[in-house]
1. Being without any contact (Cβ under 8 Å) to a residue 12 or more places away in the chain and acidic (Asp, Glu) is the filter here, so list the residues in region 117-163 that pass it.
2. Give the residues of region 268-292 that are more than 20 Å from Lys425 (Cβ to Cβ) and without any contact (Cβ under 8 Å) to a residue 12 or more places away in the chain, sorted by residue number.
3. Search region 337-370 for residues being touching a strand residue (DSSP E or B) at 6+ places or on another chain (Cβ under 7 Å) and surrounded by 21 or more Cβ atoms within 10 Å (Cβ to Cβ), and hand back the single one that is modelled with the lowest pLDDT.
4. When you scan region 423-435, do you find a residue that is in a strand (DSSP E or B) and at pLDDT 85 or above, even just one?
5. For region 125-155, give me each residue that is outside any helix (DSSP H, G or I) and of a type outside the set (A, V, I, L, M).
6. Specify which of the listed residues (Val513, Val556) is over 34 Å from the mean Cα position of the chain (by Cα), under 21 Å from Ala433 (Cβ atoms) and either of a type outside the set (Lys, Arg) or surrounded by 14 or more Cβ atoms within 10 Å (Cβ to Cβ) (or both).
7. It is to be established whether one or more residues within region 439-460 are assigned to a helix (DSSP H, G or I) and free of Cβ contacts under 8 Å to residues at least 12 places away in the same chain.
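The values are calculated or read from the model by the stated rules, or taken from the named source; none is laboratory data. Because the structure is predicted, anything quoted here is derived from the model rather than measured. Here the Cβ is made from the backbone with ideal geometry for all residues, glycine too, and neighbour counts use every protein chain on show.
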Amino acid sequence: MELLKALTIVNQSKQELGKRNVLFDSYRKPSPPTALDLLLRSSICSNRMYGFEALTFNIHGGYLEAIVRGYRSGLLTAADYNNLCQCETLDDIKMHLSATEYGPYLQNEPSPLHTTTIVEKCTLKLVDEYKHMLAQATEPLSTFLEYITYGHMIDNVVLIVTGTLHERDVQELLEKCHPLGMFDSIATLAVAQNMRELYRLVLVDTPLAPYFSECITSEDLDDMNIEIMRNTLYKAYLEDFYRFCKKLGGATAEIMSDLLAFEADRRAVNITINSIGTELTRDDRRKLYSNFGLLYPYGHEELAICEDIDQVRGAMEKYPPYQSIFSKLSYGESQMLDKAFYEEEVKRLCLAFEQQFHYGVFFAYMRLREQEIRNLMWISECVAQNQKSRRINTQERGRISCCSLVFQAVKMSTPARKRLMRDFKRLQQDPPAGISGAPYDNNIMLWNAVIFGPDDTPWDGGTFKLTLQFTEDYPNKPPTVRFISRMFHPNIYADGSICLDILQNQWSPIYDVAAILTSIQSLLCDPNPNSPANSEAARLFSENKREYNRKVREIVEQSWTAD
């Protein structure tokens, strides 16, 4: 009531002042604005953070804004990253993180640690923070927070459908799903054969249902259609989130419009680059771009007709924010583009904290924490694989450090190199169980990989190293794959070469690095003694399984001490 009375008095004063201005404006001398003048001006600035919005924001949102700013102060600093980059083992990383807010989540984890364990526990902290904020939020903040999770839901749907297409175990796929994107019927995604069934059987009762209006077709789900589905869903999601933020008005609309426009533009550029050299037509590519952002609509028209990375660079020359990003890259180079976009995104997210009384800080914090977890994953992978020759760049952005592991510049961009970068990105985002791989030093055409022996088999506990040598004909031709570790297996030659059909006459361009390594891992416990590369191993496997298993256990023990 007190606030209502105050607003009534202000409005009456505003009307009186308006009448006086009409009668006497030409006779009075200019004078500095009074406090009342400033208050009256603020009453008509409903789209600015310093209007009446600021007077009422703290009633429902002030507590949670204070909470999220407190969470932000717990993000890792440049000094933390410098210490993490000096770690020699994953246990060292755990020790350094014990002094941070991740400490309680890692303290009870036994050695030896795995990269996935560190990432899972750090993600659990993010999930707990999100659930606390959502439980305390009221409308419209609760709906805003729910929008933040829809992107993870889309990623989870695509992960399950893609994994099912490649005959991966559903339970294994569920374990890899992001916890913020889980919903009740997600496990039944595996039964869908096309997008119409996907919607009718599974997604009709989820928040993603409205976004499927442009995706519903009777076409079978294959790799191309799944990727189109992902980008179509993201387009609908971003446009819906953008409209919701615009409806909120005030500083939230102003800040979130900028952040979402940047996300839409980044996706447009990535869609263009990733679709170069594919079957996707220009019209199909244009349909995947969001209908807002700095590049909309004229930049989209130019991107739709680009046929190489240099043409994309030329299209971005007219847009200063993106021209500065592409200026950091050499001509013909696209591998470093994701890093440049991440750095620009972190700058913009940090700027969101410079203003108050808006919901953008919740979106910014969630994105910054997710980036931090990705940083920890990169560092942990480097430590686990002993990649001394790779650089970890730590750059401080305000009070958040953006750490990203990057390759030495690869000067030539060819279809094979683009495909390998895509394979590497997928392998990092969705690593199969017991498999790890990465390019060696600055040579994208040569990879080091590690395969862990499958559980509950004679190979259980083994750590086996391989090399993969690619040519410019990849993926039309398979790589040359060899074990570096000593092996005893019916289908592995003495020099480490592998007798496997998909690496020879059954090769197909649809296989990526993850599929190759997964097939080799399966070969360990399911050999083909009828096509032997090692006659002794084949004979023992067929005639004396106990002796064969004993020799395999010897190989497993040797793998623990091998250089």
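1. Glu120, Asp128, Glu139
2. Thr281 - this is the single residue of region 268-292 that is more than 20 Å from Lys425 (Cβ to Cβ) and without any contact (Cβ under 8 Å) to a residue 12 or more places away in the chain.
3. Filtering region 337-370 for residues touching a strand residue (DSSP E or B) at 6+ places or on another chain (Cβ under 7 Å) gives 339, 342-343, 346-347, 350, 368.
From what is left, the residues that are surrounded by 21 or more Cβ atoms within 10 Å (Cβ to Cβ) are 346, 368.
Values: Val346: 92, Leu368: 96.
Looking at residues that are touching a strand residue (DSSP E or B) at 6+ places or on another chain (Cβ under 7 Å) and surrounded by 21 or more Cβ atoms within 10 Å (Cβ to Cβ), I get Val346.
4. Of region 423-435, the ones in a strand (DSSP E or B) are 435.
With at pLDDT 85 or above added as a condition, the list becomes 435.
Yes, that holds for at least one residue.
5. Once the filter is applied, which keeps residues that are outside any helix (DSSP H, G or I) and of a type outside the set (A, V, I, L, M), region 125-155 yields Thr138, Glu139, Pro140.
6. Details: Val513 fails: over 34 Å from the mean Cα position of the chain (by Cα).
So the residue among Val513, Val556 that is over 34 Å from the mean Cα position of the chain (by Cα), under 21 Å from Ala433 (Cβ atoms) and either of a type outside the set (Lys, Arg) or surrounded by 14 or more Cβ atoms within 10 Å (Cβ to Cβ) (or both) is Val556.
7. First pass over region 439-460, keeping only residues assigned to a helix (DSSP H, G or I): none.
Looking through region 439-460, none of the residues is assigned to a helix (DSSP H, G or I) and free of Cβ contacts under 8 Å to residues at least 12 places away in the same chain.
For every residue, the table says whether it meets (1) modelled with pLDDT of 90 or more; (2) out of contact with any Ser or Thr (no Cβ under 7 Å at 6 or more places or on another chain).
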site	(1), (2)
Ala54	no, yes
Glu65	yes, yes
Gly70	yes, yes
Leu75	yes, yes
Ala78	no, no
Tyr81	no, no
Lys94	yes, yes
